[in-house]
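Report on one structure; see the data block that follows.
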Amino acid sequence: MLSDLARKASDWLANRVAPAKWRRAAPERVLDRYVQTTPSAQNAIDAVPGWTVAMPPHVGAVAGTMPLYPDFRIVWCLEQFGSIAGRKILELGPLEGVHTYQLEQQEPELIHSIEANRLSFLRCLVSKELLDLKRTKFLHGNFVPYLEQTELRYDLVVASGVLYHMRDPVGLLQLIARRTNTVYLWTHYFSDAEMPPGDQRRASFSGEVDWAEYGGARIALHRRGYRRSSKSLDFCGGMYDRHYWMEREGILEVLTKLGFDDIRVTHVQPDHPRGPAFSVFARRSGV
């Protein structure tokens, strides 16, 4: 054994070629990480690949193509809530921080914004710098254990584009209800009528239906997977390939059973390219 090792060491020294696991990255690749041009917003954007959303025009940089910084859904949410000045806001799944930017412009006391996707979190940090966010703390991790463990209460929870990515969407609604009396959701939902058999938007669904029980109600959960989309750098889904879409009526029923008695619905879009969607603002009145 020793002689074999000695012979291999001698061969290596003779050839002066290190095993791959010992080799350092080629100097050219390391040096490519440096930026030679004058500091700019575009350099910051380009440091993290895979952007989905566009930056507001005043930033002067090209990121993604989706212009969410003046999002009418967040405008509607704020109209329903009233002034958030001086209020505590929790944002779940900020994606790249442009909804956060809209919220911060209304001068809340603080925004805690939780993002689990590593690249999305880094993009949020870039956005925080470029958009000069002062009241926001971006947190990197899973918001489910955070909601389970925190003792903080928030005046408003904003959960835009997250419910339909969850493995346990009913559980998420329960956790949100423990931490706030007011929640805004924008979410996809499953509907046989609005997404009938043969609709291409059903391709990612397995056809299996699981069931959750809450407050004496049985809630249908339609199993879905990401297929190939999760391999892209700009993937902005959830952390589990197996996730569930609730039905519209199920979402509203769970919210009602959680004590939200002021429930407002708008932005109903049965023809959304990825599946039916709507906005929900829910509040416990008189609290």
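The values are calculated or read from the model by the stated rules, or taken from the named source; none is laboratory data. These numbers were taken from a predicted model, which means no experiment stands behind them. Reconstructed Cβ throughout: ideal geometry from the backbone, glycine too, with neighbour counts over all protein chains shown. For accessibility, only protein heavy atoms count, side chains too; no ligands or nucleic acids. Shrake-Rupley method; radii C 1.70, N 1.55, O 1.52, S 1.80 Å.
Here are some notes:
- Cβ pairs under 6 Å, 6+ apart, first in the stretch 146-161 and under 16 Å from residue 99 (Cβ atoms), second of a type in the set (D, E, K, R) and open to solvent by less than 10 Å² (accessible area, probe 1.4 Å): 158/91
- Tally, over the stretch 97-125, of residues that are assigned to a loop (DSSP other than H, G, I, E, B) and over 18 Å from residue 43 (Cα atoms): 7
- Per-region count, the stretch 56-96, residues surrounded by 18 or more Cβ atoms within 10 Å (Cβ to Cβ), among the hydrophobic types (A, V, I, L, M, F, W, C), part of a loop (DSSP other than H, G, I, E, B) and at negative phi: 4
This table checks each residue for (1) assigned to a helix (DSSP H, G or I); (2) touching a His at 6+ places or on another chain (Cβ under 8 Å).
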residue: 144; (1), (2): yes, no
residue: 159; (1), (2): no, no
residue: 164; (1), (2): yes, yes
residue: 167; (1), (2): no, yes
residue: 171; (1), (2): yes, no
residue: 177; (1), (2): yes, no
residue: 183; (1), (2): no, no
residue: 196; (1), (2): no, no
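- Residues of the stretch 183-215 that are open to solvent by 40 Å² or more (accessible area, probe 1.4 Å) and touching a Leu at 6+ places or on another chain (Cβ under 6 Å): 210 alone.
- When residue 180 is tested against (1) within 17 Å of residue 88 (Cα to Cα); (2) of a type in the set (Ser, Thr, Tyr); (3) open to solvent by 10 Å² or more (accessible area, probe 1.4 Å), exactly one condition is not met: (3).
- Test: residue in the stretch 2-22 that is at pLDDT 95 or above and of a type in the set (Val, Ile, Thr): no
- Selection count where residues are part of a loop (DSSP other than H, G, I, E, B) and either modelled with pLDDT of 95 or more or crowded, with 19+ Cβ neighbours inside 10 Å (or both), scope the stretch 277-287: 1
- Of the residues making up the stretch 105-120, those that are within 28 Å of residue 79 (Cα to Cα), under 18 Å from the mean Cα position of the chain (by Cα) and either open to solvent by 10 Å² or more (accessible area, probe 1.4 Å) or free of Cβ contacts under 8 Å to residues at least 24 places away in the same chain (or both) are 112, 115.
- Condition met for residue 128 (touching a residue at least 24 places away in the same chain (Cβ under 8 Å) and part of a loop (DSSP other than H, G, I, E, B)): no
- Residues of the stretch 237-276 satisfying the condition of being among the aliphatic types (A, V, I, L, M), in a strand (DSSP E or B) and surrounded by fewer than 21 Cβ atoms within 10 Å (Cβ to Cβ): 263, 265, 268
- Within the stretch 38-55, being among the polar types (S, T, N, Q), part of a loop (DSSP other than H, G, I, E, B) and surrounded by 14 or more Cβ atoms within 10 Å (Cβ to Cβ) holds for one residue alone: 52.
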